[in-house]
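Here's the structure, in structure tokens; my notes come after.
The values are calculated or read from the model by the stated rules, or taken from the named source; none is laboratory data. Keep in mind that this is a model prediction, so the values were computed, not measured. Glycine gets a Cβ as well: all are built from the backbone with ideal geometry, and neighbour counts include every protein chain shown. Surface areas here come from the heavy atoms of the whole protein model, side chains and all, with no ligands, DNA or RNA. Shrake-Rupley method; radii C 1.70, N 1.55, O 1.52, S 1.80 Å.
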Amino acid sequence: MLQPFRLALVLALVSGAAAANEQAPGARVRRERAVTVARTPAEPLPVVHVSGDTPTVFLFNSPIQKRTLSFDASRLRVLDAGERSFIVQPVAHLGDGERQEIGVFFADGQQPARAAFVLMIHSAEVDSRIDVQRPEPPNTACQPTAHAPTPKPEDFVLLGYVDAQGVTASSRKGKRVMMQGLNLDEFVAYRGTGWILADMRIVNGTTHPAWTPREATFVGRDGVSLRARLVTENSGAILPGKDGRILAVVDVPKTSSDLVFTLEVRGNGDRRLTIPDVRFPEPVAEEAP
């Protein structure tokens, strides 16, 4: 994280340069302003004006994971990064109309999970300081997450979700006995670095009312319960006679053995589907040097 003295020094230099250059004829006007992170991938990214001779400081109101910063290093350079800030500057003068994206994940995993910005040159102004405002998440207590931000391949490695051991998986074929009008159609269990994920497709019976999954729990053989994050492919309820894809994911300690759980998915009307003996294979053994 930027130390208070270092950050104060950077801001003082930026502000001092702004004051000096604003008086120079033809110089770009320096701005300090606030921008709000896009709530969904469908929203346009906030545009930030940069310059090859002026660093731009991004200050966040929530901690970030600085190791997840993603950008084109041939066009941009990050001068420093901390728990709530980073400083960026173009490596060279960006071409007219050139748009460079830079993004970083927040540390708490809340929505929106990632902050991204479009950097470009403006002929008359440059942003020397950006106060990043994160919108308050909607009131989604006991609601599954839908339409998560579109990830990039490098995000999984930067976040540490995938390492040299890769990801293991197991699947089940065929339909299981219907329970409270709910039927498990497809199921795949994934296991990565410090996490497990169940990818399932659940069918709602034709004679039963619409059903919305609300929460999921993994119960181990020792009776320990792990509350999972629930993600749905499509928002809304699963209508009678229809199916829906549901993901349940939870963080787990690293172990070198198979993990076996009973998975319970609960929804409205106190209807639930219990899936016993869900097996997550042990990680791939690393080759001896």
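Quick notes
- Qualifying residue in the range 225-232 (condition: β-branched (Val, Ile, Thr) and not in a loop (DSSP other than H, G, I, E, B)): yes
- Any hit, the range 194-201, residues being under 17 Å from residue 266 (Cα atoms), small (Gly, Ala, Ser) and modelled with pLDDT of 85 or more: yes
- All positions within the range 82-94 that are of a type in the set (A, V, I, L, M, F, W, C) and open to solvent by less than 20 Å² (accessible area, probe 1.4 Å): 86, 87, 88, 94
- Scanning the range 66-81 for residues that are assigned to a strand (DSSP E or B) and open to solvent by 50 Å² or more (accessible area, probe 1.4 Å) yields a total of 4.
- The numbered conditions (1) in contact with a His (Cβ under 8 Å, 6 or more places away or on another chain); (2) modelled with pLDDT of 90 or more are all true for residue 181 except (2).
- The one condition in (1) within 28 Å of residue 110 (Cβ to Cβ); (2) at pLDDT below 90 that residue 263 fails to fulfil: (2)
- Residue ID - farthest from the chain's Cα centre (by Cα), chosen from residues in the range 82-104 that are in a strand (DSSP E or B) and under 19 Å from residue 131 (Cβ atoms): 89
- When residue 87 is tested against the conditions (1) touching a Leu at 6+ places or on another chain (Cβ under 6 Å); (2) at pLDDT below 90; (3) farther than 27 Å from residue 246 by Cα, the lone failure is (2).
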